[in-house]
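A quick write-up on the structure given underneath.
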Amino acid sequence: MATILRDWSYRYQWLYDGISRLAALSVGGEARFRQLALQGLTIHSDTQVLDLCCGSGQTTEFLVKFSQNVTGLDASPKSLQRARHNVPEASYIEAFAEKMPFTDNLFDVVHTSVALHEMEPEQLRKIINEVHRVLKPAGVFTFVDFHAPTNPLFWPGVSVFLLLFETETAWQLLKTDLPELLTETGFEVSKPTLYAGGSLQVIQAKK
């Protein structure tokens with residue numbers, strides 16, 4: 001069940017941005033956080049990039065610095081309106097991540113930032129299948145999201161954050177073996193890189 005703080009954070013961009021900046025301090029600030037999943041990737045001006053569940057364009061803003069072919073997809077009209085205003089260099093599509101209106105083998109890179117934890121388990125499986133479908137052979141799915149902290153000192157902060165701003169699906173993700181789920185779909189998965197006491201994970205999976 002969503003909390004009123006979660007509803008407010010999506011209604012008011014200043015609140016969402018403030019929460020994002022505060023949470024990103026655990027990895028050295030928002031600029032570094034937004035680029036965590038992009039580390040080690042080679043993105044050229046003609047690389048076809050999909051920013052999946054792009055929200056208001058926080059990471060899209062970094063992606064357009066590397067590629068002239070960035071597409072942002074989100075199911076929220078309000079978020080896309082903000083993204084078009086914030087990052088007009090990208091193109092945008094309003095659609096659900098589990099049913100993307102793209103042809104097969106279209107993108108070189110699919111990126112998503114702290115969005116998978118909002119999905120129900122079956123929805124998450126459908127999204128991963130869709131990502132695999134729209135990626136070109138040898139394309140990369142890269143993302144950052146929550147992970148069960150490996151450092152016990154981070155559990156109180158993560159718990160409070162999830163209770164205030166997230167739903168049950170976030171807790172479910174902490175128990176989900178994402179590398180195994182990706183492997184079952186046909187991806188070659190690198191070992192997750194953990195940050196912030198293990199409370200954040202970055203995974204890069206190759207088709």
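Using 0.36 nm per residue, how much length does the chain from residue 138 to residue 175 gain when fully extended, once their Cα-Cα distance is taken away? Display every interim value, and only then the final one.
Details: separation 37, 0.36 × 37 = 13.32 nm, distance 2.83 nm.
Full extension from residue 138 to residue 175 adds 10.5 nm.
Give me the Å³ per residue figure for the convex hull around the C-alpha atoms of the chain.
Spelled out: Cα convex hull of the chain, divided by residues, is 109 Å³.
When the solvent-accessible surface of protein heavy atoms is calculated with a 1.4 angstrom probe, in what order do 104, 74 fall, highest first? It would help to have the intermediate numbers written out before the result.
Numbers: 104 90, 74 25 Å².
Heavy-atom accessible area, descending, gives 104, 74.
Assuming R0 = 35 Å, what is the FRET efficiency of residue 151 and residue 126, from their Cβ-Cβ distance, to the nearest 0.05? Don't skip to the answer; put the middle values down first.
On the way: r = 33 Å, r/R0 = 0.93.
Between residue 151 and residue 126 the formula returns 0.60.
Using a cut-off of 23 Å between alpha-carbon atoms, which lysines can reach residue 78, once sequence neighbours fewer than 8 places away in the same chain are excluded?
99
Calculate, for residue 105 and residue 35, the FRET efficiency according to 1/(1 + (r/R0)^6) with r their C-beta to C-beta distance and R0 22 Å; round to the nearest 0.05.
With a Förster radius of 22 Å, E is 0.25.
Sum up the charges of everything whose Cβ sits under 12 Å from the Cβ of residue 140, counting Lys and Arg as +1 and Asp and Glu as -1, but leave residue 140 out.
That works out to +1.
Sum up the charges of everything whose Cβ sits under 15 Å from the Cβ of residue 84, counting Lys and Arg as +1 and Asp and Glu as -1, but leave residue 84 out. List each step's numbers first, then the result.
Details: positive: 78, 82; negative: 51, 61, 74, 89, 94.
Net of charged neighbours comes to -3.
In deg cm²/dmol and to the nearest 500, what is the mean residue ellipticity at 222 nm of the chain if only DSSP H runs of at least 4 residues count, each as -39500 (n - 2.57), divided by the residue total? Numbers along the way, then the final one.
On the way: 9 runs with 80 residues, N = 207.
For the chain, the value works out to -11000 deg cm²/dmol.
Set the Förster radius R0 to 30 Å, insert the Cβ-Cβ distance between residue 68 and residue 96 as r into 1/(1 + (r/R0)^6), and round the FRET efficiency to 0.05. Intermediate results must be reported in sequence, preceding the final value.
Working: r = 26 Å, r/R0 = 0.87.
E between residue 68 and residue 96, to the nearest 0.05, is 0.70.
Below 20 Å, Cα to Cα, which aspartates and glutamates can residue 136 reach? Residues fewer than 8 away in the same chain don't count.
Those aspartates and glutamates meeting the cut-off are 46, 51, 98, 104, 108, 184, 188.
How much of the DSSP beta bridge set in the chain is antiparallel, as a percent to the nearest 5?
Bridges in the chain that DSSP calls antiparallel: roughly 40 percent.
Can you give the local net charge around residue 125? Use residues other than it whose beta-carbon is closer than 14 angstrom to its beta-carbon, Lys and Arg +1, Asp and Glu -1. Could the numbers behind the result be given before it?
Working: positive: 99, 126, 133; negative: 98, 120, 122, 130, 177, 180, 184.
Residues close to residue 125 contribute a combined charge of -4.
The values are calculated or read from the model by the stated rules, or taken from the named source; none is laboratory data. Source: prediction; values computed, not measured. Methodologically, a virtual Cβ is constructed for each residue, glycine included, from the backbone with ideal geometry; neighbour enumeration extends over all protein chains shown. Keep in mind that these areas ignore ligands, DNA and RNA; they rest on the heavy atoms of the full protein, side chains included. Shrake-Rupley method; radii C 1.70, N 1.55, O 1.52, S 1.80 Å.
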